[in-house]
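> One structure, as structure tokens, below. Some questions next.
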Amino acid sequence: MNVSRRTKFDRLGALLALFALIALVFMPFVVAKANRIVPGTSLGLLAAVPLSTAIGVIAAVLVAACVAVIVASPGLRLASATLAVVIVSLAVAAAGSALTPLGNKVVRIAPGSGFWLLLCSLGLMATDAITRLRPGPLLRVVLLLAFVGIALAAFAHGTFDHLSVMREYAVNATRFSHEIAQHLWLALGSLGTAVVVALPLGVLCHRVPRLRGAVLGTLNLIQTIPAIALFGILMAPLAALATAYPLAAALGIRGIGTAPAIIALFLYSLLPVVANTVLGLRRVSPAAVEAARGMGMTPAQILKSIELPLALPVILTGIRIVLVQNIGLVAIAALIGAGGLGTFIFQGIGQTAIDLVLLGAVPTVTLAFSAAVLLDALIEAMDRTRP
Amino acid sequence: MISIENLSKQYGTARVVDDVSMTIDPHTITVIVGTSGSGKSTLLRMINRLVEPTSGRVLIDGADTAGEPAHLLRRRIGYAIQSHGLFPHRTVAENIATVPELLRWERARIRGRVEELLTVFQLDPATYADKFPHQLSGGQQQRVGVARALAAEPNVLLMDEPFGALDPIIRGKAQEDLLDIHRRYGTTVILVTHDMDEAFRLGDRIAVMSAGKVLQYDRPAVLLTQPADPFVARMTGSADRALKLLSLTNVSEAAKPGTAPGPPIPESASLRDALSELMWRGTESAGVIDASGQPAGCVTIEAILAHGRAH
């Protein structure tokens with residue numbers, strides 16, 4: 001009885017373990033290139049790192065795979081998967097150091113598809129284990145901070161300095177911090193202005209049902225315009241505005257750059273916040289509102305202390321959608337010169353330098369993921385009515 | 001005292017409440033009973049102006065309720081509804097403190113009042129004050145709803161089908177509690193229900209409504225013995241009306257001088273309960289004692305039955 005409870009065949013675990021083993025055995029662990037744009041040579045794990053390191057990696061991955069398939073305890077699953085992630089990451093860093101001739105800054109050692117697939121499967125094993133642990137909102141934030149903190153410490157320490165992405169980073173270090181700040185400013189600035197407009201608009205739509213259809217219909221229509229097209233549509237009128245009014249130009253309004261990006265992101269942000277505000281307010285128990293009225297609360301007091309607090313979790317869900325969506329969309333805004341991490345992605349594509357693409361893409365994904373975790377935790381912490 | 005004068009409410013062509021006048025004595029429980037759509041809820045909601053009358057007026061202690069802003073009026077009048085309407089994001093204590101907070105009472109006074117009410121409603125403050133509504137049973141939620149309505153010591157308490165969502169056993173207990181509360185605070189209660197038994201159980205006076213009109217407004221016994229209208233007769237004329245009548249009368253009304261063997265019956269018990277007790281014992285009579293436990297004569301089955309006959 002006890003044995004069967006502690007060990008259980010796990011289908012998801014088996015699938016991830018299978019992926020990890022395929023990555024380990026059949027796929028290149030790193031790709032070595034003579035310089036940043038020529039095609040490189042694929043190297044398996046044994047060819048890429050010293051034997052002792054390879055044995056460590058194989059052992060860690062095998063343990064994590066076995067645990068993922070048969071062990072039920074989420075704590076053990078998390079520990080083995082996390083340990084494997086750390087060892088695999090250190091191994092790829094070691095491969096970078098081992099394969100780079102001393103003082104050579106032209107050779108590029110890039111993580112191969114095998115490494116990425118390993119990282120992915122092991123990472124999914126770890127997140128699956130975290131989900132099974134059902135951590136509270138605070139613990140989830142702590143886990144996120146720990147993960148980001150450890151990664152940043154490793155980067156600061158120079159652990160990964162010999163890898164190709166970090167080579168690109170070394171070249172672009174000052175621009176990188178500027179672009180990441182610009183990226184956040186575009187995403188958060190458009191979100192902030194959208195919330196200031198969308199919240200009252202949502203309350204209005206809730207109070208005046210006739211308005212609801214028209215407003216939500218219009219915002220839906222905006223949502224269907226592809227991002228690139230919307231940037232394009234905004235270019236002409238903004239350029240005309242800047243030409244006609246020097247003051248507008250002095251304020252930084254131009255056909256390209258930050259202004260059209262913020263406006264487009266603002267427009268995209270409206271629908272989720274307005275729709276969720278309306279939905280959240282509609283979900284408020286009519287009996288609670290009736291009782292509040294019957295006890296002598298004014299309409300403003302009912303909105304402030306009953307309706308909005310009760311609708312807040314749903315409204316925050318809308319804000320979470322917008323934030324994650326915007327962090328992704330800002331990458332595209334680089335096309336119209338708005339800056340942000342997308343700059344690296346499009347430059348990388350232009351130069352067929354995949355490492356530069358990764359320098360833009362990996363932080364974008366990390367930012368979006370962190371924003372989702374943080375806001376989910378906030379929403380759960382705020383919802384006092386959850387049974 | 002509450003005076004309702006020629007009160008009407010019209011929605012489009014429908015006259016939901018039609019020229020209702022009635023006077024409600026202080027410290028009494030008045031029950032407005034009627035079928036759904038009779039206008040009873042609308043009538044109640046015009047007293048605290050959740051519904052504004054089309055014509056007519058309501059006076060509380062001589063002052064026209066239209067003379068002050070509606071939200072200030074409502075803070076002086078308790079209001080409890082069927083689905084209790086507790087605020088799900090606020091604790092029990094915060095819910096009860098709603099109106100005192102609106103009236104800006106001092107913190108210590110609010111805390112004292114919340115504890116007092118929780119104790120009165122048999123909810124231990126240490127256990128329940130910081131719980132959320134969803135952690136309570138249906139009966140407890142309903143009690144908190146009534147406690148919240150009474151928090152700011154209103155002279156008048158309006159209740160709109162307050163026990164409608166409760167199962168029969170819990171409902172009986174809640175009705176008992178309401179009578180206790182009424183005895184303790186002397187609040188003037190106006191309660192709307194569709195349940196005639198509830199009306200007879202609680203009401204000092206009962207108003208029977210149909211199609212927007214009050215057909216009869218009188219003491220329960222009068223409704224039984226002298227229905228003013230065929231509809232009232234139908235509403236009150238169930239097979240157990242004789243027993244209902246007995247349940248409205250105290251043993252003291254039927255007691256005669258004398259003594260009888262066996263355990264005595266309190267004079268505050270209803271004749272219905274006394275009859276049941278005598279039948280169970282298989283005796284013809286029993287002694288009666290007053291509230292202080294002193295003998296107060298005796299009561300016989302024959303005397304009880306005489307009170308249950310239509311006069």
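> Mind telling me which of the residues A:Thr298, A:Thr317 ends up being open to solvent by 10 Å² or more (accessible area, probe 1.4 Å), under 29 Å from A:Phe231 (Cα atoms), among the polar types (S, T, N, Q) and at pLDDT 90 or above? Write out each step before concluding.
Values: A:Thr298 fails: under 29 Å from A:Phe231 (Cα atoms).
Of A:Thr298, A:Thr317, the one residue that is open to solvent by 10 Å² or more (accessible area, probe 1.4 Å), under 29 Å from A:Phe231 (Cα atoms), among the polar types (S, T, N, Q) and at pLDDT 90 or above is A:Thr317.
> Can you work out which of the residues in the range A:280-295 that are open to solvent by 50 Å² or more (accessible area, probe 1.4 Å) and farther than 18 Å from A:Glu380 by Cβ is farthest from the other protein chains (Cβ to nearest Cβ)?
A:Arg282
> For the range A:131-166: of the residues being assigned to a loop (DSSP other than H, G, I, E, B) and open to solvent by less than 40 Å² (accessible area, probe 1.4 Å), which is farthest from A:Asn104 (Cα to Cα)?
A:Gly136
> To continue, here is another question. Residue check: is A:Phe176 farther than 30 Å from A:Ile263 by Cβ and among the aromatic types (Phe, Trp, Tyr)?
no
Every residue, every condition in (1) acidic (Asp, Glu); (2) within 14 Å of another protein chain (Cβ to nearest Cβ), yes or no:
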site: B:Pro125; (1), (2): no, no
site: B:Ala129; (1), (2): no, no
site: B:Ser137; (1), (2): no, yes
site: B:Pro162; (1), (2): no, yes
site: B:Thr188; (1), (2): no, no
site: B:Asp204; (1), (2): yes, no
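> Looking at this structure, is B:Leu43 open to solvent by less than 50 Å² (accessible area, probe 1.4 Å), away from every other protein chain (no Cβ under 13 Å) and part of a strand (DSSP E or B)? I'd like the intermediate steps shown before the answer.
Details: open to solvent by less than 50 Å² (accessible area, probe 1.4 Å): yes; away from every other protein chain (no Cβ under 13 Å): yes; part of a strand (DSSP E or B): no.
So B:Leu43 fails the test.
> Scan the range B:65-90 residue by residue and report those that are within 7 Å of chain A (Cβ to nearest Cβ), aliphatic (A, V, I, L, M) and open to solvent by 40 Å² or more (accessible area, probe 1.4 Å).
B:Leu72
> Within the set of pairs 6 or more residues apart or between chains, which connect a residue that is farther than 16 Å from A:Val165 by Cα inside the range A:22-44 to a residue that is basic (Lys, Arg) and surrounded by 12 or more Cβ atoms within 10 Å (Cβ to Cβ) with Cβ atoms less than 8 Å apart?
Filtered contacts from the range A:22-44: A:Thr41/A:Lys33.
> Pick from A:Arg207, A:Arg212: which is open to solvent by 40 Å² or more (accessible area, probe 1.4 Å), modelled with pLDDT of 85 or more and touching a Cys at 6+ places or on another chain (Cβ under 8 Å)?
A:Arg212
> With A:Leu310, A:Leu271, A:Leu219 as the choices, which residue is crowded, with 18+ Cβ neighbours inside 10 Å, farther than 22 Å from A:Gly337 by Cα and within 14 Å of chain B (Cβ to nearest Cβ)?
That would be A:Leu310, the only listed residue that is crowded, with 18+ Cβ neighbours inside 10 Å, farther than 22 Å from A:Gly337 by Cα and within 14 Å of chain B (Cβ to nearest Cβ).
The values are calculated or read from the model by the stated rules, or taken from the named source; none is laboratory data. Just so it is clear, the structure is predicted and the values come from calculations on it, not from any experiment. Here Cβ is always computed from backbone atoms with ideal geometry, including for glycine, and neighbour counts include all displayed protein chains. Remember, those area values only see protein heavy atoms, side chains included, never the ligands or the DNA or RNA. Shrake-Rupley method; radii C 1.70, N 1.55, O 1.52, S 1.80 Å.
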